[in-house]
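The values are calculated or read from the model by the stated rules, or taken from the named source; none is laboratory data. Just so you know, these numbers come straight off a predicted model, no measurement behind them. In this analysis, Cβ positions are derived from the backbone assuming ideal geometry, glycine residues included, and neighbour counts consider all displayed protein chains. Heavy atoms of the whole protein, side chains included, go into the accessibility calculation; ligands, DNA and RNA do not. Shrake-Rupley method; radii C 1.70, N 1.55, O 1.52, S 1.80 Å.
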Amino acid sequence: IKIIWFIEIMGVFVYYFLSRYVPALPYTACMFLVGLLIGYSVQRVAGNAVTESTTLWLGIEGEVILLVFLPGLVYLDSYNIDVHMFQQAFWQVSLFAFPMVLAGMTLTALVAYYIFPYGWSFDLSMTFGSILSDAYFGRKSHE
């Protein structure tokens, strides 16, 4: 239970810090880096609560993790949208931004499918590509 609070407080701290001091950095990409640091620390430090919790999370299938967290990412973007600006920019987004996000998602999925050594299915690779393309291309439009 303590580790859940630690992770939640860390996520709130990262969100607060980014929204106040570095709003140009995407939250999802920074949380990815925090996860990378936690994963790296699991290999170096043994016997603490973070290591035990991370070891439990490693046993969960990748599809389950992506299907649990992807709706939250989509909801966050839909909740923060300015409806008036969206209506004005709809055709520009449809003609220019949407194809580039789709291309970035597909290229990332192809790299994940053919180059990464994880043996992911193509569906899982496309889900991975959609998360990363949103984190990169989707945040560029907020600047």
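Measure off 7 Å from each Cα along the Cα-to-Cβ vector at residue 95 and residue 9, then give the distance between these two points in nanometres to one decimal. It is 5.2 nm.
Hydrodynamic analysis of the chain uses the Kirkwood radius over alpha carbon pairs. Inserted into Stokes-Einstein at 25 °C and 0.890 mPa s, it gives a translational diffusion coefficient of 143 µm²/s.
Which of these, 94, 133, 53, has the largest mean-square fluctuation under a Gaussian network model of the chain (Cα springs below 10 Å)? Maximum fluctuation in the GNM of the chain, among the listed residues, is at 94. A simple spin-label model places pseudo-atoms 7 Å from Cα toward Cβ; at residue 16 and residue 70 they are separated by 3.3 nm.
Structure remark: mean-square fluctuation, Gaussian network model of the chain, C-alpha springs under 10 Å; the largest value among 27, 113, 79 belongs to 79. When the Gaussian network model of the chain links Cα atoms closer than 10 Å, the mean-square fluctuations of 89, 29, 49 top out at 89. Helices meeting the span-like rule in the chain (full DSSP H runs, Cα extent of at least 20 Å along the helix axis, mean Kyte-Doolittle score of 0.5 or higher): 2-21, 27-44, 62-79, 98-114. Counting only protein heavy atoms and a 1.4 Å probe, the chain has 76 square angstrom of accessible area per residue. Taking the helices alone, the chain has a mean residue ellipticity at 222 nm of -24000 deg cm²/dmol, built from -39,500 (n - 2.57) per DSSP H run of at least 4 residues and averaged over all its residues.
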